[in-house]
Every structure is written in C-alpha cells, then in structure tokens.
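This report refers to the structure that appears directly beneath it.
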Amino acid sequence: MIDIKLIRENKDLVKENIKKKFQDEKLPLVDEVFEMDTKVRETQVKMDNLKADKNKMSSEIGKLMKDKKIDAANEIKEKVSNMAEEIASLEEEKENLDKEIRERMLVIPNIIDESVPIGKDDTENVEVERFGEPVIPDYEVPYHADIIENLNGMDKDAAGRTSGEGFYYLLGDIARLHEAMIAYGRDFMIDKGFTYAIPPFMIHADVVTGVMSFPEMEAMMYKIENEDLYLIGTSEHSMIGNFKDQIIKKEELPINMTSYSPCFRKEGGAHGLEERGLYRVHQFEKQEMIVVCEPEESMDWYNKMWKYTVEIFRNMDIPVRQLECCSGDLADLKVKSCDIEAWSPRQQKYFEVASCSNLGDAQARRLGIRTKGEKGTYYLHTLNNTVVASPRGLIALIENNYQKDGSIKIPKVLQPYMGGKEVIEKK
C-alpha cells in the first residue's frame, strides 16, 4: 500500500506506475481516492469546527444555570444536542469514506524501483548474470520422478490414496537428502548472522491481507473452515506478521531472521506433463529469510539476500542464474524482485528455485510496522527471499548430481548431514 500523500501530491506518478505494470483498469482508482480523500479532509475540518463550537457552548451552560437563566441554558443545550448529532453523522460519513479509500489503496500497486525492466509478463523478465557453467552430460538424465522412484525414494500413489493429487511421500536416503538440503540452508543463514525461527503455520486474515495482494491470496491460500485462520503459503507471512502493530527500537534494526516451515498452496490449474513429479505440489518445505530495516538500507539488503541463495546453490554444485522480474511480473506490493533459477541438465534450461523481493514499506504500512527517529514515527522496509525450498531445490540437486549409473553424488557441504554418505545408490 502506497502513502496517500503520493496521490495528493503526484497523481501522475501513481498513474504512470500503474501503466508500467500494464494495469490500466486501475487508473480510475487514483482519481476516486483523490476525490474521496479531499472529501475526508473537508469533513474533518467541519467536525473539528463543530466540536470546538460545541465545547465552547457547553461551557456556557453551567454559567447560565448558575445565574438561573434556565431558558437560555436549555436553548444552548438543544443546540449542543443538534451539534452532537451532526458530528456523529459526519464521523459516520468519514468512517465510510476511509473504508472506501482503504479498499482502493490496497489494490493500487506499489511504486516500482527505477531499475525494474518494463515488460508485460514473465516472458519479458531479463537474465542478469549466470553463476557456474551449465553442464550437459554425455548420458541421458531421466525425469526427476523416475530417478527418485528408481532409488525407492518416493511414493506418490500412496499419497494419492491418503491426500489426493499434489502430495507425496519421500522415503529413505532421498528423504534424508531433502532434510540435509534444508538443514544446510538453515545453518548457512545462521552463520550469516540471521536468527533462526520456527513460526506459526497458520495466520489470521488481517495478517494475510497485510503481507500479500488479493490476487496472490486467492490463488495461493488455504482457508481453515469456520476459523479466522489460513495455512501459510510461505513462512514470510507469519515472520513479517510477527511485527504487526509494533514500533521497533532503532537499536534493534536491522532484524534478520531465517525461518523453517512447511508451506501450503492451492497451485490450481493444469500445468502439463512436467508437473507429473514434484514441480507443483500443495505441500512443501522451505527455509526462508526476511529482513526488516531502515528504508535507505533495503536495496543493499536486497542485493545481499539473493547472493546468499546463489552461494548456497553453487556450494551444492548447481549452476544458477539471476533473472530480473519485469514490471508486469511484479506482485502489487513489490518494489523490485528477482528469481534465482537452477540449471536443469535434463531439460537443458533453467527453472525457478528461489525468489527475492524488496517490498519497500508496503507490508509495513498495511501491518503498522514502524520505528521512531528524529523526524517522528515512520514505516520500515521489509524484504524476503527463499534460502532453499523442496521439492524444487531437491529436483535441481538430484539432476545436477545424477551419475550415469543411476546414483546421485552428494555434494560435500551436505555430506555431514547424511552421516558422511557420499553417494545415494539403489539398494
């Protein structure tokens, strides 16, 4: 959510930003908010004047009663009563206008950073840099589900019986490899100075609307029936929600945290043959990182955060690239975002394994996350990034370490989490 001062002082900037995101249908919202906000401020002035007059007249009643001027006192009482009714009516009008304004402000997209490339959708995202040389082995790399099943590491049929499509059992050394990858990501971030957390896996509706846009919410979140609770789609949701309505002391900034959680997503729609395995599932696990910081520090943190993910994947012998998200691919709360994509030697192309986002003060403004400085109280900036997530990260790990004999070489950084095991072989 943007600062309403931007609409008061520079409507053209807000409209131009909407055009850059190819959301022209939202342009009328800017003028609607401007007109409503003008009415709110006019109403507030009327209320303030009426309250001042009412207080002044009320103070005269006691004096008139003391002087036994009963009729005059009653006349003023009637006027004061009428004023009170008018004030109540104006307060209701203002409350309704404030509600209408907020509903529109929640839909108007955040102002994107000047460095964001302009494009309509994810097909116009821009490759920035590659890390590690993509390898095409001189032998066939099977589909990841076939590799895992050949190693007795997965049972989707059983998951289908218990839970339906989009779920899976991981078994044996593959399940252990999955946990090793998550644990390595956790320890890597702790070594970088991030505080480890395991957050709630369910959150209230007001937290959901504070951390994400309505289209994201509708596409992703599972609602708990008859409860004001949603299953989290990522631990960023509850981690940022942790600071709701808080004024954070400046000496506590920046706040750097890394969190583990299962994640739950609808992932509706048909996605083609590649989704037969573990690409799109309803439940997965992820190590996340979040930062809450001073506004002037957020872009520096953004550049640190995505590089941490690159380092983790390179340490697991996985080539990756940074892909800059264009304006049309940015969710409405985001100022700037990039994906880290891993190389798939089987498909001979890259696929997304992590996403890093700077949300400016959008989440902080929705949730009331602030600090106090010399110029008063102001909103902080929030950022989030995937450390590593499974099964996407697991797929990249398996494909890039698959060997001709069907075994999987375990990267050195993961071997301590595998009891020193160097290879996963069929038993």
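The values are calculated or read from the model by the stated rules, or taken from the named source; none is laboratory data. What you are looking at is a predicted structure, and each value in this text was computed from that prediction instead of being measured. Cβ atoms come from the backbone with ideal geometry, glycine included; neighbour counts cover every protein chain shown. Heads up: the accessible areas ignore ligands, DNA and RNA and are worked out on the full protein's heavy atoms, side chains in. Shrake-Rupley method; radii C 1.70, N 1.55, O 1.52, S 1.80 Å.
Model label points for Ala219 and Lys46, set 7 angstrom from Cα along the Cα-to-Cβ axis, are 4.2 nm apart.
Under 24 Å of direct C-alpha separation, and excluding same-chain neighbours fewer than eight residues apart, Lys63 reaches these lysines: Lys51, Lys54, Lys77, Lys79. Placing one identical point scatterer on every Cα of the stretch 201-321 and ignoring solvent, what is log10 I(q)/I(0) from the Debye formula at q = 0.15, 0.17, 0.20 Å⁻¹? So the normalised log intensities are -0.88, -1.07, -1.27. How large, in Å, is the chain by the Kirkwood hydrodynamic radius built from its alpha-carbon pairs? Value: 24.6 Å, from the Cα pair sum. Taking the helices alone, the chain has a mean residue ellipticity at 222 nm of -13500 deg cm²/dmol, built from -39,500 (n - 2.57) per DSSP H run of at least 4 residues and averaged over all its residues.
Output the relative contact order of the chain, whole-number percent, from Cα pairs under 8 angstrom with separation of 6+ residues.
For the chain, the relative contact order is 20 percent.
Legend: Rg and Dmax of the stretch 55-134, from Cα coordinates, 30.4, 96 Å. Once both labels are positioned 7 Å from their Cα atoms along Cα-to-Cβ, the gap between Asp3 and Asp122 label points is 3.3 nm. Most fluctuating residue of Ala364, Ala84, Ala159 in a GNM of the chain with Cα springs under 10 Å: which is it? In this elastic network of the chain, the residue with the biggest mean-square fluctuation among Ala364, Ala84, Ala159 is Ala84. Peptide packing: for 255-266, 19-30, the average count of neighbouring Cβ atoms within 10 Å per residue gives the ranking 255-266, 19-30, highest mean first. In loop segments of the stretch 329-427 as defined by DSSP, the GluC sites (Glu not before Pro) with at most 14 further C-beta atoms inside 10 Å of their C-beta are Glu374, Glu422, Glu425.
Place a label point 7 angstrom from the Cα of Ala84 along the Cα-to-Cβ direction, then list the residues of the stretch 48-68 whose backbone nitrogen is under 19 Å away. Label zone hits: 48-66.
In the stretch 130-199, which GluC sites (Glu not before Pro) are in a loop and have at most 10 other Cβ atoms within 10 Å, using DSSP for the loop call?
Hits after loop and neighbour filter: Glu140.
Summarising the amide proton neighbourhood of Gly233: residues at separation of 5 or more, or on other chains, whose placed amide H is nearer than 5 Å comprise Phe264. Taking Cα atoms only, the orientation of helix 172-191 departs from the longest principal axis of the chain by about 50 degrees. Residue by residue, the stretch 292-305 carries 3J(HN,Hα) couplings of 10, 8, 5, x, 6, 9, 5, 6, 5, 5, 4, 6, 5, 5 Hz when phi is fed to the Karplus relation 6.51 cos²θ - 1.76 cosθ + 1.60 (θ = phi - 60°); x denotes Gly or Pro.
Give the dimensionless ratio obtained when the Cα radius of gyration of the stretch 273-427 is divided by 2.2 N^0.38 Å.
Cα-based Rg divided by the globular estimate yields 1.25.
Entry note, the stretch 111-170: relative contact order of 17 percent, from Cα contacts under 8 Å with a spacing of 6+ residues. Set the Förster distance to 35 Å, then compute FRET efficiency between Asp300 and Asp98 from the Cβ-Cβ distance, nearest 0.05. Efficiency, rounded to the nearest 0.05: 0.50.
Return the single residue from Leu397, Leu330, Leu13 with maximal mean-square fluctuation; model: Gaussian network over the chain, springs between Cα atoms under 10 Å. Looking only at Leu397, Leu330, Leu13, the biggest GNM fluctuation is shown by Leu13.
Highest mean first, the peptides 208-218, 227-237 sorted by other C-beta atoms within 10 Å per residue fall in the order 227-237, 208-218. When the solvent-accessible area of the stretch 161-246 is split by element, carbon and sulfur atoms take up 53 percent of it, the probe being 1.4 Å. Around the amide H of Val353, modelled in the peptide plane, lie the amide H atoms of Ile340, Glu341, Ala342, all under 5 Å away and 5 or more residues distant in sequence or on another chain. Taking Gln287, Gln348, Gln403 in turn, the Gaussian network model of the chain (Cα-Cα springs below 10 Å) assigns the largest fluctuation to Gln348. Between the stretch 103-166 and the stretch 351-395, what's the alpha-carbon centroid distance in Å? The stretch 103-166 and the stretch 351-395 have Cα centres separated by 20 Å.
For the stretch 306-312, the Karplus equation 6.51 cos²θ - 1.76 cosθ + 1.60, evaluated at θ = phi - 60°, returns couplings of 5, 5, 4, 5, 4, 4, 4 Hz by residue, with Gly and Pro reported as x.
Can you tell me the length gained on complete extension of the stretch Lys39 to Leu27, counting 0.36 nm per residue apart and subtracting the Cα distance?
Full extension of this stretch gives 2.4 nm more.
Annotation: extensible slack from Asp157 through Ala175 equals 4.8 nm (criterion: 0.36 nm per residue apart, minus Cα-Cα distance). Each part reduced to its alpha carbon centroid, the stretch 327-347 and the stretch 192-243 end up 21 Å apart.
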